[in-house]
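Report on the following structure.
The values are calculated or read from the model by the stated rules, or taken from the named source; none is laboratory data. The structure displayed is predicted, hence computed values, not measured ones. FYI the Cβ positions are ideal-geometry reconstructions off the backbone, even for glycines, and counts take in every protein chain you see. The protein model used for the area step is the full one, side chains on, heavy atoms only, and it has no ligands, DNA or RNA in it. Shrake-Rupley method; radii C 1.70, N 1.55, O 1.52, S 1.80 Å.
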Amino acid sequence: MENNLLKDSNEFISNIKSGKAFLVTKSESNVNAMQIGWGYIGFMWGKPSIIIGVRHSRYTYEQLQNSDEFVISIPKAGEFADELKICGTQSGRAVNKIEKCGFEMIDGQKVNVPYIKGCQYHYECKVDYKQSIDPELLNRDILDKSYKKNDYHVMIYGEILSSHE
Ligand SMILES: Cc1cc2nc3c(=O)[nH]c(=O)nc-3n(C[C@H](O)[C@H](O)[C@H](O)COP(=O)(O)O)c2cc1C
């Protein structure tokens, strides 16, 4: 049963590598979706888990300060290209991306965050830990390349509670 939670992990990795994944969050009644290109899937504290990196400046991070749940929706190859672009370039602070993308959202099975209808696979996660990148501990080359504006990623560790089509 536990192993099924990591089902389609190869697909997860190849989609993440090419930035073809949505991170869905919800705070109060506001639902938001952001494109992500960083992430791990594996085991943490003995539990099937996903780790994502969300910069402090994102509206998504603001939502995750008020909520301990998120969903990752993985589209089929070649699908949702326009929606990925919207979710990766516009902020939920300025625009309701769910409406703009015309997403039909379906209630999560284990979390109070919905998933995107039509994507091929969904991971429903509960946050176990959040850890901001510490510049003191970071490789100097990465610091210079990725954090010129000090907008560090917060690594969000989520236990996978459900994964499904
Ligand atoms: C291919 C791609 C991958 C991205 N991956 C991430 C990521 O892993 N973490 C992150 O913080 N931002 C990432 N972004 C940037 C956010 O998707 C973008 O800033 C988005 O507008 C933030 O939305 P929000 O303010 O509604 O949270 C990525 C953007 C693109 C185009």
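Descriptive notes on the structure:
- Within segment 57-68, the set of residues being without any contact (Cβ under 8 Å) to a residue 40 or more places away in the chain and within 11 Å of the ligand (Cβ to nearest atom) comprises Arg58, Tyr59, Thr60, Glu62, Gln63.
- Any hit, segment 131-150, residues being in a strand (DSSP E or B) and open to solvent by 70 Å² or more (accessible area, probe 1.4 Å): yes
- None of Lys7, Lys47 is closer than 22 Å to Gln131 by Cβ and surrounded by fewer than 22 Cβ atoms within 10 Å (Cβ to Cβ) except Lys47.
- Looking only at segment 92-114, residues that are part of a loop (DSSP other than H, G, I, E, B) and surrounded by 15 or more Cβ atoms within 10 Å (Cβ to Cβ) come to 7 in all.
- Applying a threshold of 6 Å to beta carbon distances and a minimum spacing of six or more residues, or different chains, the list of pairs starting in segment 131-154 at a residue that is among the acidic types (Asp, Glu) and ending at one that is open to solvent by less than 70 Å² (accessible area, probe 1.4 Å) and not in a helix (DSSP H, G or I) reads Asp151/Arg55; Asp151/Ser57.
- Residues that are among the charged types (D, E, K, R) and not in a helix (DSSP H, G or I) were ranked within segment 33-65; the one that is nearest to Tyr115 (Cα to Cα) is Arg58.
- Filter result for the condition that a residue is modelled with pLDDT of 95 or more, touching a strand residue (DSSP E or B) at 6+ places or on another chain (Cβ under 7 Å) and within 7 Å of the ligand (Cβ to nearest atom), over Val31, Val24, Val54, Val71: Val54
- Output for segment 34-44, where each listed residue is touching a residue at least 24 places away in the same chain (Cβ under 8 Å) and either open to solvent by 50 Å² or more (accessible area, probe 1.4 Å) or more than 8 Å from the ligand (Cβ to nearest atom) (or both): Gln35, Trp38, Ile41, Gly42, Met44
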